[in-house]
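Engineer: Quick one: structure below, then a few questions.
The values are calculated or read from the model by the stated rules, or taken from the named source; none is laboratory data. Owing to the predicted nature of the structure, the values given are computational and were not obtained by experimental measurement. Cβ placement follows ideal geometry from the backbone for every residue including glycine, while neighbour counts extend to all protein chains displayed. Heads up: the accessible areas ignore ligands, DNA and RNA and are worked out on the full protein's heavy atoms, side chains in. Shrake-Rupley method; radii C 1.70, N 1.55, O 1.52, S 1.80 Å.
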Amino acid sequence: MFEVDKMKIHKADFNPAVQEVKDAMHNTKDLRLFKRYQAILMHLKGNTYQEIGDLIGCTVPTVCHYVRDYRNDGLKGLTPGQSPGRPSRLTEEQEQELYQLIVESKPADVGFPAEMNWTSFLIRYWVEQNFRVSYSDRGVRTLLHRLGFSYTKPTYNTLEKADPEKQKAFKEEFETIKKMRNGEIDRILFQDESMIRDYQALSCTWFPKGRQKIVPTYGKHHGVKLIGALDYESGETFCIERERYNAKVFLDFLKQVVEKYPNQNIVMVLDNAKIHHAKLIQPFLEDHPELQLMFLPPYNPQLNLIEGLWGWLKKSVIHNVFYSTVDEIRNAVQEFMMNIQKVLETVRKRLCSKL
């Protein structure tokens, strides 16, 4: 897998368009042109508009303009004052103002009572009222896509309660532990529990245009409770199923981990759930000093890498599906777990490269 990725990078570097941009960067003494060439080079190599903007120090709409001008007339279109192509209805300053408005404000903040989410209709109305420019609904959606927006679901953020100092301390300690893998520590595991329900969520999927996929339900809800660990080094996963979560179940899981990795020094990273601090498990930990628990700082689930496994599992086998029996859920979960054991390098790159 690694060799394939290297080959892709190698091919990208010798793409004629990439080489042309590199040559232009080398030959220009104009800092503004160099910045624009740099943006196009990153675009050709697959970077997102946001990543490009962060690196070269400009807004996403500005990057959009550079890419549009390059597509219309190549490198010549990047010359300041000579950008061809169809002019935008909005000026660059207006587009940047619109971009910041959508990112930083709710509709209710700018005169739309009780409206908390931007829609193409509201954006269209706001543009007309503030810039005196009219768009069709399709036109405003095209504008939003060009500015780097997409119609996506948001996600919850627990990080507002997180202590940045504790987060920093954890990362520093984890870096120290990683350096000990070739000597004092044999294995680093990320541990967590997850409930896999039969009716987890509905999410976007491809389906014939003009029709909506219908997911049947049966009025009863089942689920599978998992306790698992993810090996940071190899991507290997180890999961067991139990009917409930309590200290006794967690103790049994720890015993199985020690049996699975005999005569190895293990650091297990986990959250601060009550069962992880239970008095019941303390004698076992004292009798097995080779197993050390490393607790995450509060409100930092993104630091527990096995969370990515649960999300992957649910998206693959639970979303848009309703299972009529718990055995059907169990079989789907087991099949998923068996399949990812066959592609450990993919698992490691997908889940274990974030720390």
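Engineer: Would you list Arg244, Arg187 from the most to the least accessible area, probe 1.4 Å? Don't skip to the end; give the middle numbers.
Structural biologist: Values: Arg244 130, Arg187 45 Å².
Solvent-accessible surface, decreasing: Arg244, Arg187.
Engineer: Heavy atoms only, probe 1.4 angstrom, no DNA, RNA or ligands counted: give me Lys274, Lys255, Lys354 ranked by accessible area, highest first. Mind dumping the intermediate values first?
Structural biologist: On the way: Lys274 180, Lys255 90, Lys354 140 Å².
So, going from the largest accessible area down, we get Lys274, Lys354, Lys255.
Engineer: Next up: Considering only the other residues whose Cβ falls under 12 Å of the Cβ of Leu251, what net charge follows from Lys and Arg at +1 and Asp and Glu at -1? Provide the component values of the computation, followed by the final result.
Structural biologist: On the way: positive: Arg242, Lys248, Lys255, Lys279; negative: Asp252, Asp287.
After counting each charged neighbour, the total is +2.
Engineer: Would you tell me the accessible area of Arg330, worked out with a 1.4 angstrom probe on the heavy atoms of the protein chains, in Å² to the nearest 10?
Structural biologist: Only protein atoms counted, so the area is about 60 Å².
Engineer: How large is ³J(HN,Hα) for each residue in the stretch 225-231, as worked out from phi by the Karplus curve 6.51 cos²θ - 1.76 cosθ + 1.60 (θ = phi - 60°), to whole Hz, x for Gly and Pro?
Structural biologist: In residue order, the calculated couplings are 9, 10, 10, x, 9, 10, 7 Hz.
Engineer: Also, quick follow-up: With every protein chain kept in the model, how would you rank Phe112, Phe190 by accessible area, 1.4 Å probe, largest at the top?
Structural biologist: Correct descending sequence by accessible area is Phe112, Phe190.
Engineer: Would you mind checking the pairs Lys178/Lys255; Lys255/Lys349; Lys161/Lys260; Lys171/Lys274 and listing those with alpha carbons more than 30 angstrom apart? Each step should come with its number before you reach the end.
Structural biologist: Numbers: Lys178/Lys255 24 Å; Lys255/Lys349 28 Å; Lys161/Lys260 36 Å; Lys171/Lys274 23 Å.
Beyond 30 Å: Lys161/Lys260.
Engineer: With a cap of 11 neighbouring Cβ atoms within 10 Å, and only residues DSSP puts in a loop, list the GluC sites (Glu not before Pro) found in the stretch 223-316.
Structural biologist: Values: sites: Glu233, Glu236, Glu241, Glu243, Glu259, Glu286, Glu290, Glu307; in loops: Glu233, Glu236, Glu243, Glu290.
The qualifying sites are Glu243.
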